[in-house]
Amino acid sequence: MVRGTRAPRARLAPARTSTRGGGGRDPRVWGRVLPPLVLVTLGLLGWQWYVTAAGVRPQVLPSPLRVLEQGWAYREQIWANTVPTLQVTAVGFGVSLALGWTLAIAVDFSPWLRRALTPLLVASQTLPIIAIAPLLIIWFGFGLLPKVVVIALVTFFPIAVGLIEGFAATDRQATDLLRSMGASRWEQFRYVRLPGALPQFFTALRIGITYAVTGAIFAEYVGATAGLGIFMSLQKNSFRTDLVLAAVLVTALLSVTLFLLTYAVQRLVIPWYRAERADG
């Protein structure tokens, strides 16, 4: 049954790639990449010109060149604080994924749970993290656990809701067909509902992964012994605005890298989805 449904998708891929030029590269990529690159370049040039022309002190607003120079000069310290942030982000987001998948599957198999837990999921997003994070530090100390909890609180909602809505949006005709052929509830979930929900899951994944880095930075900023958050806090207290912005730049690069990585994972997990979108 599965092979029968996936075989046509496998035949679509060569037809899609054969129409491209330039070694299989999509020319539309440049149309999406160039505008933001041009805008960022113009913004940096304007920033550099303003700081130089107005003679702004580096403690107030350093120039982009100074940020890059000082960031490179302190690269070892920045990297030493980047590693703990990445570790916390990976653990916290992993916990969030595990909880999100578990809850979404349970809700899909139990309509009663959907009605009971959906309002609680929405209510969880009303919690003021800026007020809860210091309490977590008081309750659990400066170790890994409070930072993992903060990341989970920040990223759990988009993951869980994306999966729940993805399962609910499954093609009913395909589900009815499997049911008429005697498929069990688990077989319907495995062959129809799960593959159908994966595109929405990856959309939610991209939202969550960017929140994860921000959540980790914020948790470290409130209380930690190492990490980009505590590095920014220390440099701010020393009036090293250039190093604060250098750490912000590293944070942005981490977020963008993880965001783009989700597209690579999506192509590996659901390669048929891109072909279907192109044909649609």
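The values are calculated or read from the model by the stated rules, or taken from the named source; none is laboratory data. The structure displayed is predicted, hence computed values, not measured ones. Every residue, glycine among them, receives a Cβ derived from its backbone with ideal geometry; neighbour counts consider all protein chains shown.
A few comments on the model shown:
- Looking across the range 212-264, not a single residue is closer than 30 Å to P199 by Cβ, in contact with a Gly (Cβ under 6 Å, 6 or more places away or on another chain) and of a type in the set (S, T, Y).
- Within the option set A123, A80, being surrounded by fewer than 20 Cβ atoms within 10 Å (Cβ to Cβ), assigned to a helix (DSSP H, G or I) and modelled with pLDDT under 80 holds for one residue only, A123.
- Helices (runs of 4 or more DSSP H) completely within the range 193-277 that count 2 or more residues being touching an Asp or Glu at 6+ places or on another chain (Cβ under 8 Å): 194-222, 228-237
- Top-ranked residue of the range 159-192 - restricted to ones that are surrounded by fewer than 22 Cβ atoms within 10 Å (Cβ to Cβ) and at pLDDT 85 or above, ranked as farthest from S96 (Cα to Cα): E165
- Test: residue in the range 92-102 that is closer than 19 Å to G229 by Cα, assigned to a helix (DSSP H, G or I) and at pLDDT 80 or above: yes
- Subset of the range 134-148 that is in contact with a Gly (Cβ under 8 Å, 6 or more places away or on another chain) and among the hydrophobic types (A, V, I, L, M, F, W, C) - its residue that is modelled with the highest pLDDT: V148
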